[in-house]
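Below you'll find the structure, written out as structure tokens, and then a few comments.
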């Protein structure tokens with residue numbers, strides 16, 4: 001988290017943005033009413049389950065690659081190698097969701113002209129860390 005903030009501050013300095021705008025950026029990451037000593041980041045991922053295989057809908061390759069599922073130390077299932085993208089706002093998250101939707105597999109059925117024929121999971125992960 002600190003590395004991200006340091007990169008962002010260096011970027012702002014490089015762009016010669018005023019300290020007032022820089023402070024607004026940091027304030028936006030503080031969780032009001034919870035604890036002013038914490039900042040947060042939001043990450044999204046989007047995977048598709050099709051014919052018992054998982055695919056990362058946010059990967060940058062043109063052809064989707066089969067991904068394995070794994071179980072972490074807390075017995076939580078995750079898709080190995082799935083891309084997780086940090087977003088600044090809900091518009092960025094929605095844009096990634098729409099890009100992923102375009103990559104989902106669809107085909108005609110008798111009842112539905114564009115049936116997805118798959119399941120998908122759009123995950124939003126909130127990370128909080130102490131603000132120093």
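The values are calculated or read from the model by the stated rules, or taken from the named source; none is laboratory data. Remember, it's a predicted structure, so these values are computed and weren't measured experimentally. Counting neighbours? That spans all protein chains shown, and the Cβs are built from the backbone with ideal geometry, glycine included.
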Kindly state which strands (runs of 3 or more DSSP E) lie completely within region 31-101 and contain at least 3 residues that are loosely packed, with under 14 Cβ neighbours inside 10 Å.
35-50, 69-71
Of everything in region 102-128, what is at pLDDT below 85 and assigned to a strand (DSSP E or B)? Give them in sequence order.
107, 115, 128
Can you find a residue that is modelled with pLDDT under 85 and in contact with a helix residue (DSSP H, G or I) (Cβ under 6 Å, 6 or more places away or on another chain) anywhere in region 18-26?
yes
